[in-house]
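Below: one structure, written as structure tokens.
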Amino acid sequence: MNRWPIVRALVRKDLTLFFRNRFFAYITLLGLVFYIIIYFVMPKAVDETLELGVYSAALPEAVLELLDAEEVGYQVFESDDALRAAILDGDVPAGLVFPPDLMVQLRAGQKPRVDVYLAAGSPPEVRDVYVAVVKGMALALSGQPLNIEANEITLGPDMAGQQIAPRDRMRPLLAVIIIVMETMGLATLIAEEVQGGTLRALLITPMDVRDLFVGKGIMGVGMTFIQAVLVMGVTGGLCQSPVLMLVALLLGALMATSIGFLMASVSRDMMSSIGWGIVAMVVMSIPAFGVLFPGTVSTWGKALPSYYLIDTIHRVANFAAGWAEVWPNLLILAGINGLFLWIGVTALRRRFS
Amino acid sequence: MTQQAAIIAENLTYTYGALTAVDHINFTVDESEILGFLGPNGAGKTTTVKMLTGQLMPKGGRAQLLGLDIIRHTQAIQAQIGVCFETTNLYEQMTAIENLSLFAELFGIKGFDAHALLARVGLDGRGKDRVATYSKGMKQRLMVARALVNRPRILFLDEPTEGLDPVSAEAIRALILEEQQRGVTVFLTTHDMLEADRLCRRVAFINQGKIVALDTPHNLKQQYGQRRLKAQVALPDGGLETREITLDTPDTPSAVEALFSREQVVTVHSEEASLEDIFIQITGRGLV
């Protein structure tokens, strides 16, 4: 028997119900617009200029030449108090106060004291950078070479010179949000079908439970995939390796569907689906925040299924990674999807019976 | 087993854990017969319907619909039956036409005319309205219409008129009779005894999972019912009082004679036992 007309009727019915649920219809359409706006309002370039304020009762010309040479953006202040006030007001993030006899002390081989003012809340990395600037200047002005040999070793992928703009770091997060939103929509559709008893009516037709899962699967994967492709297309995520990115998004859409099945098996209505969806969104977004704010998520993030989707999107869209680099991610993602789908379908079957 | 039987149940049994919901029931329903399946809530009516319609797998016994085994030929049977559920389970955010058309597609019906079916249940003109805007009676009529989408040979109706206004209830009863005259077998689950008495050729009483009586309403009344004579007599103070005499007993003639000779009879009429009286007599409990 040709099952396609039955599946087609179920998909059409689900699409009708999805878009007649005002909450999900508006969220889907507004969400798409919102994601794209968010992307374009984020900075498109990384600002790598080091900004600071400088004060000295007798500021040597050599210091300013050094700052120019290092391409450090600086403002010279009239007084120590003016520099402090500018930092407190947030006009400059840091300040250096040199002693008036800086050059004399350096020539005499003494160790002059330079005060480094930093705004409260500056992260340790920023503090280290400014201290390093001062030390570098002292070295350059005194002319004394350091008696050590610096051997720089880069751990992990060398991203030097490949700083990613904040908007591009947003892409994986946008993908996760789309996936979770669709997960909630799909879970609501199924939960309301069970709760409202319409499923019973469907099951007394020539429709088979497998037709139902295929129909819901097509609906879930289709809705998620189309939205994700649209957002990635508009935000330039498909420019590097379009086929690879499409495969990643398709696996992401499959993940949304399988998690949707799982959520539907424990949800009673739209509110409980949204409740579970928020939990899923928080958990699945964690690896995306690791991309957005490097260093905030440690290796345990790899235990989250969304990591492999997020990492793939990030590396393909932002570092032009190819199949060779991301195939393990895709394989793990496919495995996780298979497992989730099996659990989701099994749990739902139990609920249907 | 006869060739004319549309439904045959043999020792059909279902248990929920330790509770036996349906306990080895046996019955047959002839083609184009309306069988009333009567019993109080929790008696096993809905579980029986669920087994016969393939929603539940029997834990024991067997059943055939249209000569097909309900376990081995579930899909073939479901293509030839229509089910109207006790509770409304329509897609409320879809229109009546969309609801009916969906089921027509699932049954693989080509050229389905939703408007004609809606006209039969008195909903023509409201087909493009969302079901959420319908009254309870309209929803129930749409439920019946949905059960008729595939022109079923057997119609299972679970409390189709419960809670409806008299007009809607009457419209549904008329439709049931219309379908029966068309040759459709109707399995009517209800605890409305008057409805069963009026529509059904035979009725089955189910109580605590067992069929305790199965016959025509007339035979059941003959077998279990007691006709009564009710008379109003005038009292010396001018008031009225009711006297009852059970008919069809050896003592009836003398009791009637005594009534008319000793009392001043004002009105008199005979009263037949209702199915509800018989149900109470057989099971010792009411229908609710």
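The values are calculated or read from the model by the stated rules, or taken from the named source; none is laboratory data. Please read all numbers here as calculations on a predicted model, not as lab measurements. Don't worry about glycine lacking a Cβ; one is built from the backbone with ideal geometry, like all the others, and counts go over all protein chains shown. Ligands, DNA and RNA are excluded from the accessible area calculation, which covers all protein heavy atoms including side chains. Shrake-Rupley method; radii C 1.70, N 1.55, O 1.52, S 1.80 Å.
Data for the structure
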| item | result |
| --- | --- |
| Filter result (open to solvent by less than 50 Å² (accessible area, probe 1.4 Å) and either more than 10 Å from every other protein chain (Cβ to nearest Cβ) or over 14 Å from B:Ile7 (Cα atoms) (or both)) within segment B:65-76 | B:Leu65, B:Leu66, B:Leu68, B:Asp69, B:Ile70, B:Ala76 |
| Candidate set from segment A:18-29 (those that are open to solvent by 90 Å² or more (accessible area, probe 1.4 Å) and more than 14 Å from every other protein chain (Cβ to nearest Cβ)); member that is nearest to the chain's Cα centre (by Cα) | A:Leu29 |
| Conditions (1) away from chain B (no Cβ under 14 Å); (2) open to solvent by less than 10 Å² (accessible area, probe 1.4 Å); (3) modelled with pLDDT of 85 or more; number of the one not met by A:Leu173 | (2) |
| 1 or more residues more than 21 Å from the chain's Cα centre (by Cα): qualifying strands (runs of 3 or more DSSP E) within segment B:1-82 | B:5-16, B:19-30, B:60-65 |
| Tabulated pairs, segment B:147-163, first hydrophobic (A, V, I, L, M, F, W, C), second outside any helix (DSSP H, G or I) and open to solvent by 10 Å² or more (accessible area, probe 1.4 Å), C-beta under 6 angstrom, 6+ apart or interchain | B:Ala147/B:Val83; B:Phe156/B:Val83 |
| Options A:Leu15, A:Leu10, A:Leu32; residue that is touching a helix residue (DSSP H, G or I) at 6+ places or on another chain (Cβ under 7 Å), more than 30 Å from A:Arg167 (Cβ to Cβ) and either open to solvent by less than 40 Å² (accessible area, probe 1.4 Å) or of a type in the set (Ser, Thr, Tyr) (or both) | A:Leu10 |
| Subset of segment B:105-114 [surrounded by 15 or more Cβ atoms within 10 Å (Cβ to Cβ) and either in a helix (DSSP H, G or I) or away from chain A (no Cβ under 14 Å) (or both)] | B:Glu105, B:Leu106, B:Ala114 |
| Candidate set from segment B:91-104 (those that are hydrophobic (A, V, I, L, M, F, W, C) and more than 7 Å from chain A (Cβ to nearest Cβ)); member that is nearest to B:Ser135 (Cα to Cα) | B:Ala96 |
| Matching residues in segment A:255-300 - criterion: being of a type in the set (Gly, Ala, Ser) and not in a helix (DSSP H, G or I) | A:Ser267, A:Gly295, A:Ser298 |
| The listed residue being part of a loop (DSSP other than H, G, I, E, B), within 23 Å of A:Val231 (Cα to Cα) and not charged (D, E, K, R), out of A:Ala321, A:Ala334, A:Ala317 | A:Ala321 |
| Condition check for A:Asp47: at pLDDT below 90 and assigned to a loop (DSSP other than H, G, I, E, B) | yes |
| Residue that is assigned to a helix (DSSP H, G or I) and within 14 Å of chain A (Cβ to nearest Cβ), where the choices are B:Leu118, B:Leu142 | B:Leu142 |
| Leading residue by the ranking (nearest to A:Ile164 (Cα to Cα)) among those in segment A:43-60 that are open to solvent by 30 Å² or more (accessible area, probe 1.4 Å) and free of Cβ contacts under 8 Å to residues at least 60 places away in the same chain | A:Asp47 |
| Residue check, A:Val92 away from chain B (no Cβ under 14 Å), part of a loop (DSSP other than H, G, I, E, B) and open to solvent by less than 60 Å² (accessible area, probe 1.4 Å) | yes |
| Which numbered condition A:Phe40 misses (of (1) of a type outside the set (Ser, Thr, Tyr); (2) loosely packed, with under 15 Cβ neighbours inside 10 Å; (3) within 14 Å of another protein chain (Cβ to nearest Cβ)) | (3) |
| Residue that is closer than 17 Å to A:Gly237 by Cβ and modelled with pLDDT under 85, where the choices are A:Val316, A:Val297, A:Val291 | A:Val291 |
| Filter pass, A:Arg351 being buried (at least 21 other Cβ atoms within 10 Å of the Cβ) and charged (D, E, K, R) | no |
| Residue that is crowded, with 18+ Cβ neighbours inside 10 Å and within 16 Å of A:Val176 (Cα to Cα), where the choices are A:Gly252, A:Gly217, A:Gly233 | A:Gly252 |
| The lone exception for A:Gly196 - which of (1) over 26 Å from B:Glu105 (Cα atoms); (2) within 11 Å of another protein chain (Cβ to nearest Cβ) it fails | (1) |
| Pick from segment B:77-90, criterion touching a strand residue (DSSP E or B) at 6+ places or on another chain (Cβ under 7 Å) and β-branched (Val, Ile, Thr), ranking: nearest to the other protein chains (Cβ to nearest Cβ) | B:Val83 |
| Complete set of residues in segment B:19-42 that are modelled with pLDDT under 90 and surrounded by fewer than 15 Cβ atoms within 10 Å (Cβ to Cβ) | B:Asn41, B:Gly42 |
| Residue in segment B:43-58 that is open to solvent by 40 Å² or more (accessible area, probe 1.4 Å), touching a helix residue (DSSP H, G or I) at 6+ places or on another chain (Cβ under 6 Å), facing chain A (nearest Cβ under 10 Å) and not hydrophobic (A, V, I, L, M, F, W, C) present | no |
| Lone unmet requirement of (1) surrounded by 11 or more Cβ atoms within 10 Å (Cβ to Cβ); (2) part of a loop (DSSP other than H, G, I, E, B) for A:Glu78 | (1) |
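Quick grid of which residues meet (1) open to solvent by less than 20 Å² (accessible area, probe 1.4 Å); (2) under 16 Å from A:Ser241 (Cβ atoms):
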site: A:Val279; (1), (2): no, no
site: A:Ser285; (1), (2): yes, no
site: A:Pro294; (1), (2): no, no
site: A:Gly301; (1), (2): yes, no
site: A:Leu304; (1), (2): no, no
site: A:Ile313; (1), (2): yes, yes
site: A:Ala334; (1), (2): no, no
site: A:Thr346; (1), (2): no, no
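Conditions tested, residue by residue: (1) touching a helix residue (DSSP H, G or I) at 6+ places or on another chain (Cβ under 9 Å); (2) more than 24 Å from B:Thr48 (Cβ to Cβ).
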position: B:Asn150; (1), (2): yes, no
position: B:Ile154; (1), (2): yes, no
position: B:Glu159; (1), (2): yes, no
position: B:Ala169; (1), (2): yes, no
position: B:Arg173; (1), (2): yes, no
position: B:Glu178; (1), (2): yes, yes
position: B:Gly183; (1), (2): no, no
position: B:Phe187; (1), (2): yes, no
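Conditions tested, residue by residue: (1) within 14 Å of the chain's Cα centre (by Cα); (2) open to solvent by less than 10 Å² (accessible area, probe 1.4 Å).
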residue	(1), (2)
B:Leu157	yes, yes
B:Glu162	yes, no
B:Asp165	no, no
B:Ala174	yes, no
B:Glu178	no, no
B:Gln181	no, no
B:Thr185	yes, yes
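Every residue, every condition in (1) over 17 Å from B:Leu38 (Cα atoms); (2) among the polar types (S, T, N, Q); (3) crowded, with 16+ Cβ neighbours inside 10 Å, yes or no:
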position	(1), (2), (3)
B:Leu199	no, no, yes
B:Ala204	no, no, yes
B:Pro217	no, no, yes
B:Asp237	yes, no, no
B:Leu240	yes, no, no
B:Thr246	yes, yes, no
B:Ser254	yes, yes, no
